[in-house]
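Heads up: the structure comes next, in structure tokens.
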Amino acid sequence: MRITGIIAEYNPLHNGHIYHMSEARRLSEADGIVAVMSGNFVQRGEPALADKYLRTKAALLAGADAVFELPVRYACGSAGFFAAGGVAALDSLAVVDGIAFGCEDADLKALKSMAAFLEDEPEEYKKLLQSNMRRGMNFAKARSKALSDVLSPSASSLLDKPNNILAIEYLRAMSRTGSKLTPYAVARTGKGHNESASFIRKELEKIQSGSILPSPSLQSMLPAYALEDLSCPLFSDDFSGLLLYRLRLLTADELTRFEDISPELANSIKKASASAHSFSELARAVSSRAFTDSRIRRALIHILIDLQKKVTADKTAFVTPSSLSVPDGATPVCPQAHKPEALRLLGFRRGTKVLRLIQDAAAVPIITKPADAPDECLTEDILATDIYRLAFFERYKLPLPDEYRSGPIIV
């Protein structure tokens, strides 16, 4: 039985995701599709619009056979860290043969070439990159200019597109860990994934503010079952009070304990938090040439959900890159560095054979009830869900079940 994996957020699931899932099945000739999906917080540094169980149901209705949760530490990480966690999760299931990712340029040869270049950076490129960053460019701009100078503007343009970036990071993660997954590049058609997802989120924010009704264009972009599940969306500003309260209790030095926060960024956050009144206002106030908006928002989410820097027994093995490039002199990630302690099953299709194969072969425990999880392996994810639940109740006065009362979704 051939099984293909997808790493996704489905925030929200739209018609482009359905096309991607169908193409993944076709290109890989898969008998089953497994999704590793972000939980209640996502890689852009935002809460998910809908909770992970509603998004799991949508993924299953769209064609996935089983959905597993990407641990929150990876779901809220940089593109490189997100990819490393997703690839490790798919490999840990032990029966997944391939990985299908969407990208603006579905040229697998070009993507692999760029991945190999970034894994073995020439000295000339590294010097240009560091020089550009010293001149005040953020990492993305510094990298783009360095690549353009060393390779060509056309090669550099590969990394100007968000889905290409993730595709290259999946390939880098596979190379770094010796993954045997076969990659399949699915070409994006029409609007890009981020463009359409961003449009949907902006439209929903307008609806929530009472300024518009659902537009025909919005209705045409999502299947009816996914649109119905977005009746009570959450946005970053719904967490403003919780975040600003946390920041009142912490010093700038203490903020550096959290993932992806340097002393410079910590000082900026602490200073801006004194006068900011919302999550969005704080993110804008911290904005600078040195940090991208997504980097700042991820840092704020890390503070909100208490996601602190983590070191394994082998202090050099657990690398949390704050950019897409491993810092000069850093130890390469070892094959086991990102292997999850366990994987949470969020849902499955009734009668699927995929789940039985996984349960028989997986290299890590498959968790259906948090009470059965190894000690503390789900602590971060449970806390993140509890914080999401608090904000949801504050806004809608409706309770979401806690993790100990939530079982896998079955369709």
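A few notes on this one:
- Cut-off 14 Å between beta-carbons: net charge of the residues surrounding Glu169, Lys and Arg +1, Asp and Glu -1: +4
- Legend: residue pairs Lys270/Lys309; Lys161/Lys202; Lys339/Lys369; Lys161/Lys206, Cα-Cα distance threshold 24 Å; pairs beyond threshold, Lys161/Lys206.
- Counting neighbouring Cβ atoms within 10 Å and putting the fewest first, the residues Met137, Met114, Met1, Met221 line up as Met1, Met137, Met221, Met114.
- Order of Leu54, Leu108 under a 10 Å beta carbon neighbour criterion, fewest first: Leu108, Leu54
- Rounded if a/c under 1.5, otherwise prolate or oblate - the range 236-304, Cα gyration tensor axes: rounded
- Label separation (Ser262 vs Glu121): 1.2 nm, computed from points 7 Å beyond Cα along the C-beta direction.
- DSSP bridge orientation in the chain - percent antiparallel, rounded to nearest 5: 25
- Rounded, prolate or oblate (a/c below 1.5 giving rounded, otherwise prolate when a/b exceeds b/c) for the chain by Cα gyration tensor: rounded
- Expressed in units of 2.2 N^0.38 Å, where N is the residue count, the Cα radius of gyration of the range 121-160 is 1.02.
- Multiplying the residue separation of Glu376 and Ser175 by 0.36 nm and subtracting their alpha-carbon distance yields 69.4 nm.
- Take 69-76, 367-374, 160-167, 45-52 and order them by the average number of nearby Cβ atoms within 10 Å per residue, most first; the result is 69-76, 45-52, 160-167, 367-374.
- Local net charge near Tyr184, Cβ-Cβ under 11 Å (Lys/Arg +1, Asp/Glu -1): -1
- Across the range 363-372, rounded Karplus estimates of 3J(HN,Hα) from the backbone phi angles (6.51 cos²θ - 1.76 cosθ + 1.60, θ = phi - 60°) give 7, 9, x, 9, 9, 10, 10, x, 4, 8 Hz, Gly and Pro being marked x.
Coordinate-derived values only; no laboratory data. For clarity, every value in this text was computed on a predicted model and none was experimentally measured. For neighbour counting, all protein chains shown are included, and Cβ atoms are generated from backbone atoms with ideal geometry for every residue, glycine included.
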